[in-house]
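Visitor: Before anything else, here's the structure in question.
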Amino acid sequence: MTLASVGYLTRHRAAIDAARLRVADHVRRTPLRALDGGTLLKLESTQVAGSFKMRGACNALLSLPDGVPGVVATSSGNHARAVATAARIAGLRVTVVIPQDAVPAKVDAIRALGAEVVDEGVTFGNRDGLARALAAERGWPFVHSSDDWDVIHGQATVAEEVVEDHPGVTAVVVPVGGGGLLAGTALAVRSRLPGVAVIGVEPERAADAAASLRTGRLHRLAATPDTVADGARVVSLGERTFEVIVERGLVDGIVTVSEAEILAAWEALGDVPAEPTGALPLAAVLAGRVPGGPGTVLVVSGGNVPRRAGGEA
């Protein structure tokens with residue numbers, strides 16, 4: 001490891017430590033649960049607001065300067081719900097821009113928290129642009145779901161708990177959408193236990209991050225991917241997540257899984273609270289693309305989609 005790499009990780013380590021202190025009173029230390037064979041699940045689906053997104057949202061909002069009246073966010077659901085929850089803690093107003101075809105249960109939960117929801121004419125493709133324009137119009141900060149250092153450092157606290165609660169960890173496997181969780185995991189693990197593998201999993205239909213890592217160039221999908229894993233319906237990594245994952249080379253690999261494999265893993269989780277995106281790591285293990293066992297920890301990222309008979313959302 002070069003001196004530049006050490007310095008880079010040291011700077012991010014300080015930010016992660018600060019984030020951990022900042023969010024400590026507002027997030028849960030989520031449990032590890034063993035599957036048959038010893039593979040462990042990190043149950044972020046039991047987190048406040050139902051997903052790991054609470055960590056990043058809370059860190060971002062509590063890092064804002066005094067006098068900010070409100071924030072704008074955009075999301076398929078989990079980030080928006082987390083921002084709405086964190087806004088109550090921080091005493092802020094919040095407007096969220098959500099695609100019209102987002103999961104209804106997620107949208108209902110966001111509205112129930114008192115957030116203003118803007119969804120008319122919103123798609124997965126135009127949501128960020130609309131949200132940024134609205135934020136500029138109001139003079140409020142825009143809190144991106146993944147491409148924000150405060151969000152990334154907040155998400156890193158998931159891996160912080162993993163390495164403390166499981167000294168024998170050899171690999172941490174996480175879902176990939178915008179890359180905030182994967183980038184945070186990489187920064188946390190590399191700055192503490194550089195020998196532990198960090199692996200991302202994304203749908204075959206949304207394999208932009210895998211292509212970016214393989215080629216070393218930012219890969220952007222031509223259209224919003226059609227996948228049951230709604231948290232992975234993004235067209236590319238962001239500037240900051242690309243920096244960590246690809247430019248800095250802090251991730252060991254990104255594998256992909258089919259829609260059938262995602263649904264099979266979601267079903268296999270049984271009574272574990274989970275949504276399809278949260279089943280991505282288990283899908284990779286069941287498909288033989290990531291080794292399981294007692295050293296492997298799979299992050300179940302969220303649980304805000306009710307499971308119905310037959311495993312359908």
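The values are calculated or read from the model by the stated rules, or taken from the named source; none is laboratory data. Note that the structure is a prediction, hence the values are computed from the model and not measured. Every residue, glycine as well, gets a Cβ built from its backbone with ideal geometry; the counts of neighbours run over all protein chains shown. What goes into the accessible areas is simple: the full protein's heavy atoms, side chains included, and nothing from ligands, DNA or RNA. Shrake-Rupley method; radii C 1.70, N 1.55, O 1.52, S 1.80 Å.
Visitor: Which residues, taken from the range 10-62, are assigned to a helix (DSSP H, G or I), over 28 Å from Ile110 (Cα atoms) and open to solvent by less than 50 Å² (accessible area, probe 1.4 Å)?
Guide: Passing the criteria: His12, Arg13, Ala15.
Visitor: Output the residues belonging to the range 122-139 that are open to solvent by 40 Å² or more (accessible area, probe 1.4 Å), closer than 26 Å to Thr227 by Cα and assigned to a loop (DSSP other than H, G, I, E, B). Working first, answer last.
Guide: Going residue by residue through the range 122-139, those that are open to solvent by 40 Å² or more (accessible area, probe 1.4 Å) are 123, 125-126, 128-130, 132-133, 136-139.
Applying the additional criterion that residues be closer than 26 Å to Thr227 by Cα yields 123, 125-126, 128-130, 132.
Those that are open to solvent by 40 Å² or more (accessible area, probe 1.4 Å), closer than 26 Å to Thr227 by Cα and assigned to a loop (DSSP other than H, G, I, E, B): Thr123, Gly125, Asn126.
Visitor: If I filter the range 230-237 for residues that are open to solvent by less than 30 Å² (accessible area, probe 1.4 Å), of a type in the set (D, E, K, R), part of a helix (DSSP H, G or I) and within 27 Å of His153 (Cβ to Cβ), do I get at least one hit?
Guide: Yes - at least one qualifying residue is present in the range 230-237.
Visitor: Here is a further query. Of everything in the range 63-101, what is among the hydroxyl-bearing types (Ser, Thr, Tyr) and either in a strand (DSSP E or B) or under 18 Å from Leu134 (Cα atoms) (or both)? Give them in sequence order.
Guide: Scanning the range 63-101 gives Thr74, Ser75, Ser76, Thr95.
Visitor: Can you find a residue that is open to solvent by 10 Å² or more (accessible area, probe 1.4 Å) and in contact with a His (Cβ under 8 Å, 6 or more places away or on another chain) anywhere in the range 243-264?
Guide: Let us first name the residues in the range 243-264 that are open to solvent by 10 Å² or more (accessible area, probe 1.4 Å), namely 243, 246-256, 258-261, 263-264.
Among the residues that remain, those that are also in contact with a His (Cβ under 8 Å, 6 or more places away or on another chain) are: none.
There is no residue in the range 243-264 that is open to solvent by 10 Å² or more (accessible area, probe 1.4 Å) and in contact with a His (Cβ under 8 Å, 6 or more places away or on another chain).
Visitor: Out of the range 165-181, which residues are outside any strand (DSSP E or B), touching a residue at least 60 places away in the same chain (Cβ under 8 Å) and out of contact with any His (no Cβ under 9 Å at 6 or more places or on another chain)?
Guide: Pass one, the range 165-181, residues outside any strand (DSSP E or B): 165-170, 176-181.
Subsequent filtering for residues that are touching a residue at least 60 places away in the same chain (Cβ under 8 Å) retains 165-166, 168-170, 176-181.
Result: Asp165, His166, Gly168, Val169, Thr170, Val176, Gly177, Gly179, Leu181.
Visitor: Here is a further query. Kindly indicate whether any position in the range 147-164 is modelled with pLDDT under 95 and not in a helix (DSSP H, G or I).
Guide: no
Visitor: Looking only at the range 63-115, which residues are in contact with a Pro (Cβ under 8 Å, 6 or more places away or on another chain) and open to solvent by less than 20 Å² (accessible area, probe 1.4 Å)? Full working, then the answer.
Guide: Step one: filter the range 63-115 for residues in contact with a Pro (Cβ under 8 Å, 6 or more places away or on another chain), giving 64, 68, 71-72, 76, 92-93, 105.
Passing the criteria: Val71, Val72, Ser76.
Visitor: Quick one: which of Pro306, Pro294 is modelled with pLDDT under 95, assigned to a loop (DSSP other than H, G, I, E, B) and more than 21 Å from Gly178 (Cα to Cα)?
Guide: Numbers: Pro294 fails: modelled with pLDDT under 95.
None of the others qualify; the one that does is Pro306.
Visitor: Another question, then. Among (1) without any contact (Cβ under 8 Å) to a residue 60 or more places away in the chain; (2) surrounded by fewer than 21 Cβ atoms within 10 Å (Cβ to Cβ), which single condition is Phe142 missing?
Guide: Of everything listed in (1) without any contact (Cβ under 8 Å) to a residue 60 or more places away in the chain; (2) surrounded by fewer than 21 Cβ atoms within 10 Å (Cβ to Cβ), Phe142 misses just condition (1).
Visitor: Quick test for you: out of Glu247, Glu243, Glu267, Glu261, pick the one residue that is under 19 Å from the mean Cα position of the chain (by Cα) and among the acidic types (Asp, Glu).
Guide: Glu243
Visitor: For the range 252-272, which residues satisfy the criterion of being of a type outside the set (Gly, Ala, Ser) and either closer than 24 Å to Val143 by Cβ or part of a helix (DSSP H, G or I) (or both)?
Guide: Glu259, Glu261, Ile262, Leu263, Trp266, Glu267
Visitor: Anything in the range 270-289 that is crowded, with 24+ Cβ neighbours inside 10 Å, farther than 13 Å from Glu202 by Cα and of a type outside the set (D, E, K, R)? List them, or say none.
Guide: Within the range 270-289, Ala274 is the sole residue that qualifies.
Visitor: Identify, from the list Leu92, Leu64, the residue that is without any contact (Cβ under 8 Å) to a residue 40 or more places away in the chain and of a type in the set (A, V, I, L, M, F, W, C). Give the derivation first.
Guide: On the way: Leu64 fails: without any contact (Cβ under 8 Å) to a residue 40 or more places away in the chain.
Testing whether each residue is without any contact (Cβ under 8 Å) to a residue 40 or more places away in the chain and of a type in the set (A, V, I, L, M, F, W, C) leaves just Leu92.
Visitor: Kindly indicate which of Ala222, Ala210 is in a helix (DSSP H, G or I), of a type outside the set (Asp, Glu) and either in contact with a strand residue (DSSP E or B) (Cβ under 7 Å, 6 or more places away or on another chain) or open to solvent by 40 Å² or more (accessible area, probe 1.4 Å) (or both).
Guide: Ala210
Visitor: Continuing with the same structure: What do you reckon, is Gly231 small (Gly, Ala, Ser), within 11 Å of Val176 (Cβ to Cβ) and touching a residue at least 60 places away in the same chain (Cβ under 8 Å)?
Guide: yes
Visitor: Tally time: how many residues in the range 169-197 are more than 10 Å from Ser236 (Cα to Cα) and buried (at least 24 other Cβ atoms within 10 Å of the Cβ)?
Guide: 16
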